[in-house]
Structure formats: structure tokens, C-alpha cells
Amino acid sequence: MSTASNARIAIFDTSLRDGEQSPGCSMTPKQKLRFAHALAELGVDIIETGFPASSDTDLGACAAIARDVRGATLATLARCHSGDIEACARALESAEKPRIHVFISTSPLHREHKLSLSKAQVIDRAAEAVRLARGYVEDVEFSAEDALRTEPEFLAEICSVALDAGARTLNIPDTVGYTTPAEIKALFEYLRANVRGAERAIFSAHCHDDLGLAVANSLAAIEGGARQVECTINGIGERAGNCALEELVMALNVRQAYFDADTGIDTRRLVPTSRLLTRITGMNVQRNKAIVGANAFAHESGIHQHGMLKHRGTYEILRPESVGWASSQMVMGRHSGRAALGDRLRALGFALDEAQLNQVFGRFKALTEKKREVFDADLEALALGLESGAQSAAIGGWRLQRLQVGTGIGAGVLPTASVEVLGPDGARVTEAATGDGPVHALFAALSRATDIRFELESYQVSSVTTGEDAQGQASLTARIDGEEITGSGTSTDILEASALAWLDVANRTLRHRAHATSDSDASPRIAEALVAVA
């Protein structure tokens, strides 16, 4: 939260408009409403809900959000056309805090090739549109599309006219991601000095990421006097996307003393909001994405892990909990050292002496030559193998013995799956099921066999290697007892990988429950499994 000495930066989120209209990110009206609620809970100041004139569906979605979402300002986008503005007004009739956002192209390239209008005609249209919008709502924002390639003098003039016509916010978009931090900072300083009545205006930045500079340019715009930034969750948007909200907010948060600016965002909700968007759109975030990527707080290098165990400040500039992660992650792989392995085994409940740790470490290093990442189940197998002398039989959970899946097309043909699993107590269980598809049938059969059920949040399959014999990795996220649990499996057969991922989640569930208070309502099979795992 901002303090008295800090400038308050308004966060304008356009995930539902600029983000949603990018390829692969379209949402249903129900999904847009759900995400609008998430943005309001995140603390976004202005939510751009859509472009009502684009379709009846979008108008309906914007209207539903206006009826249901409170707290944030709700904006809708319009070209400088009366029909667009009237559609915005209809969509915002029930909004608590409505804003109409009008735009027109201003650069020479756009004036000539897109609009075929003179400077005077563009100014007239902008003034007329702002006045019309102002007749419907008090809060009007004006955007000069392709502002960063517009003559500064003309940009200052059209902003002055829009302000005189009733606009409150003047948005200066880098529509094609062309500018640099020094240029955009200088432009905002110029506009604040040359727009008539600039002291009455809120200057806004809307930066695209075509050259990978959207966040840097937005921060520079703040240094130049911008007090609103337009951005999106996960940086989604046209072409290479927009300024990523989570990166901008945390840059201001971590470097508050430098920027002397802050936001009203609840940063602890950044990761949950990012994950919700991923589930809705199916557009994954790259692992090395700042703040919300899976590797943002993950450490595999032995040197880094050792430093983190001594003091987390050695390799982390912010706490993962502050943005919604449960904790930092020590990724166990071939670069990991003995200290990190020992720490992870202690967290899993193993108290090994130095000699035992050395034994496990030797086995661990041998395993890392075969596996890219070593998971908790692998480590448990290595540690339990010391006691039993039978590493392969000491997994401590459900193990896949056999699976058979059938599918087909045609009336009366149902996908089927049969599985045989070995339980934590050594008992073999065989079950079969049908489903809407082969994976659905497989998961249903596994659920019957293990007597474990959970709500599946996401399921993804990706290639780990290349070529005809490429290994596939299946990843699952499930909600169990109100908690998210992830699992993964790898195999050259994607159905086997999927089954292994499902069982990974199931075994993690057993371990979680084994450490919790015994559940008297648990079925006999689960109760026995808990005892075996514990």
C-alpha cells in the first residue's frame, strides 16, 4: 500500500479487453465475470471489461460485470464513433463507478493509411467523442493510439482539446512497443509541461512488449509523471502482449525507495490470479517468467541452494509468500548439493546421520544422470531403501503395475481404461472405468482403484525431449481438502505419464493426510494406506 510520501499509481487492468482479444485468450462471458471478480479482489483500480460495440456477446459480458462487480472502476472501450460510445453507455448502466474510454489514432502513419483524415479532422472527432461520452458518465478517458509515433506538438494539442472537452485521464499508448525508457520518460515530461490544464489530468501509460520493454517503459513513464499504468495479468495482449501487471507492481514494491511510488494491489493474490487466468485461457506462463513463473523462486544450483539455506537474501530479493507462493523451492537435480539434499530429506521426515546422508547422496547423484528433476517420491525411495535394502519396493505409496486404455469413434463406443496398482500395503488392486475420453476413463479407473478422489484444476502434457521417442511429461494440479497439490509423470507413453502424474498427486495426498489428524470417516482402504505411508 502507498504511504503519504509515495505517489499513488492507479492500476488499470485490460486483461479482459486488450488481453482477451489476443489469439488464444478468448473467454466466455461467465469466465470474464469470474476473472473480473478476481481482479477486484486483487485491488485493481480500473478494470477494462471489454469492447461492447465489437459483439452482442461482449456487450452482454460487460453488462454482467457492471451488475455484479463492485469496488473497482469499470471501463469499456470505444472508438470515436457515436455507436461505440452508446454501446459502452448501455453496458455500464449498472456500474457503480463507470468509465468510458475513447480512442483515435494520432500518428502520421495511422492518420494517412488507417483513417485517411487530416490533423484537424482527428482533433474534431476526438473532441466530439469525449463530449458525447461525458454526457453519459463523468469519468472519461481519452487515448491517442500510436502516441509514441505521433508528433509531440500535435499530441499535446489533441490531449489539450480532449481535456477541455471533459476527459479526466489522458492515455499515451506505445501501441506497437516501439519506444525506449528514455524516450517515453521525456515525452511524459513534455506533455505535462505543454498540455493546457495538465495539472487537472491523470496521465496514463499503455505499453506493448514487442521489443520486450513494456515494463521498463511503463516504469520510465512513471518517472516522467504518469500516475496510471495500463497492464495485464501475465502480460497477455496483442502480439507480444502488454506490460505485465505483476512485474510492474513488484518493481514498485521492491524498489519503492527508488521510484517513490506504490499501488493498492494486494500482492499476495498475484500468483493465484495468474493461475486463474492460465486455467481460464489455457495459455501457460513460461517457467522463467518473473514473479509468477514456476522457476521464479526455484533453486537447483548447489551454490545457490547452500546460500539460500544460510540466508534467503543471498539469492532472493523478495519473499515468495509476498506474491502468493507458499515458499521458495529447492529443485533437486544434478546441480544440487549435499546440503540441499539433507534439508529436503529432513523436511520429508527423515533424520539421517552423516554416513546415511552420504549413501543417499551417492544414489541421488546417480539418479540425476537419468532424470532431469528428482521428486519427493524419488527421495523417499532413496531414503527408505537404506532400511529395506530394496529401493524399488520402497516408494511408500501407490504404484502403477499395468494399464490398458481403449478408445474409438462411433455410436455406442465408449473410451475405457483398466488399471492394476500396487498399494502402500503391498496389495494389488485392479479396476476399470469408462469416460468421456481415454484420459478421463484412466483417471476414473485410478480413482476407483485407490479410493482417492480430488477436484482436477488443470491437466497438461508437454514434450520433454525431441524425436519420435520423445518423453512426454504430464502435469496435474488438483484441489484436495481445499489445498492445491501438483504432480507430474514422465514416459514415452503419454497415457502412462498421465497415470504416473495422477498417482503422484494421490501419493502426495496420502502424505499430507498422514501428517494431519486421523480422519475417522476415511474408508478402510485409505486408513490402511495412511498407516503404511506414515
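Every number here is computed from the coordinates shown, using simple stated rules; none is lab data. What you see is a predicted model, and the numbers here were worked out from it, not measured in a lab. All Cβ positions, even for glycine, are placed from backbone atoms using ideal geometry, and neighbour counts span all protein chains on display.
What number, in percent, do you get for the relative contact order of the range 43-86 if the mean sequence gap of Cα pairs under 8 Å and at least 6 apart is divided by its residue count?
Across the range 43-86, relative contact order equals 46 percent.
Tell me, what ³J(HN,Hα) does each residue in the range 195-212 have, in order and in whole Hz, if you take phi through Karplus 6.51 cos²θ - 1.76 cosθ + 1.60 with θ = phi - 60° and put x for Gly and Pro?
7, 5, x, 4, 5, 8, 9, 9, 8, 10, 10, 9, 10, 9, 10, 4, 10, x
Expected output is a single nm value to one decimal: the length gained when fully extending between residue 28 and residue 427, i.e. 0.36 nm times separation in residues minus the C-alpha distance. What is it?
So the extension gain works out to 139.0 nm.
Give me the distance in nm between label points sitting 7 Å out from Cα along the Cα-to-Cβ direction at residue 211 and residue 41, one decimal.
Output for this residue pair reads 3.9 nm.
What FRET efficiency, computed as 1/(1 + (r/R0)^6) with R0 = 45 Å and r the Cβ-Cβ distance, is obtained for residue 254 and residue 94, rounded to the nearest 0.05?
Approximately 0.70, to the nearest 0.05.
Ignoring everything except DSSP H segments at least 4 long, calculate the 222 nm mean residue ellipticity for the chain; use -39,500 (n - 2.57) per segment, divide by total residues, nearest 500.
-12500 deg cm²/dmol
Amide H neighbours of residue 208 under 5 Å, at least 5 residues apart or on other chains, H built in the peptide plane: list them.
Close amide H contacts, sequence-distant or interchain: 174, 177.
Enter the angle in degrees (range 0 to 90, nearest 10) between the Cα long axis of helix 152-165 and the first principal axis of the Cα atoms of the chain, meaning the one along which they spread out most.
Approximately 80 degrees, to the nearest ten.
So if we plug the beta-carbon distance of residue 322 and residue 365 into 1/(1 + (r/R0)^6) with R0 = 56 Å, what FRET efficiency do we get, rounded to 0.05?
That pair, residue 322 with residue 365, gives E of 0.95.
Order 259-270, 47-58, 173-184, 360-371 from most to least packed using the mean count of other Cβ atoms within 10 Å.
Peptide ranking by packing, descending: 47-58, 173-184, 259-270, 360-371.
Quickly rank 195-202, 207-214 as a protection proxy: mean count of other C-beta atoms within 10 Å, highest first.
Taking the mean over residues of other Cβ atoms within 10 Å, the ranking is 207-214, 195-202.
Tabulate in residue order the Karplus-calculated ³J(HN,Hα) for the range 235-246, using 6.51 cos²θ - 1.76 cosθ + 1.60 with θ = phi - 60°, rounded to whole Hz; enter x for Gly and Pro.
x, 5, x, 3, 6, 7, x, 10, 4, 6, 3, 5
Assuming 0.36 nm per residue, please report the length gained on full extension of the stretch residue 434 to residue 310 beyond their Cα-Cα distance.
Full-extension gain reported as 39.5 nm.
Let a ≥ b ≥ c be the square roots of the eigenvalues of the Cα gyration tensor of the range 1-119; is it rounded (a/c under 1.5), or, if not, prolate (a/b larger than b/c) or oblate?
Judged from the Cα gyration tensor, the range 1-119 comes out oblate (a/c at least 1.5, b/c at or above a/b).
Which one, [x] 23.4, 72; [y] 24.2, 78; [z] 27.6, 85, gives Rg and Dmax of the Cα atoms in Å as derived from the coordinates shown?
Recomputing Rg and Dmax of the Cα atoms in Å here picks out [z].
List the residues whose amide H sits under 5 Å from the amide H of residue 139, counting only those 5 or more places along or on another chain, with H placed 1.01 Å from N in the peptide plane.
100
Which whole-number percentage describes the relative contact order of the chain, with Cα contacts under 8 Å and a sequence gap of 6 or more?
Once divided by the residue count of the chain, the mean separation gives 9 percent.
For the pair residue 461 and residue 119, how long in nm is the line joining their label points, each one 7 Å along Cα→Cβ?
6.0 nm
Using mean Cβ contacts within 10 Å as the protection proxy, how do 419-427, 142-150, 230-238 order, highest first?
230-238, 142-150, 419-427
Can you say what percent of the DSSP beta bridges in the chain, counting only those with both residues inside, are antiparallel? Round to 5.
45 percent
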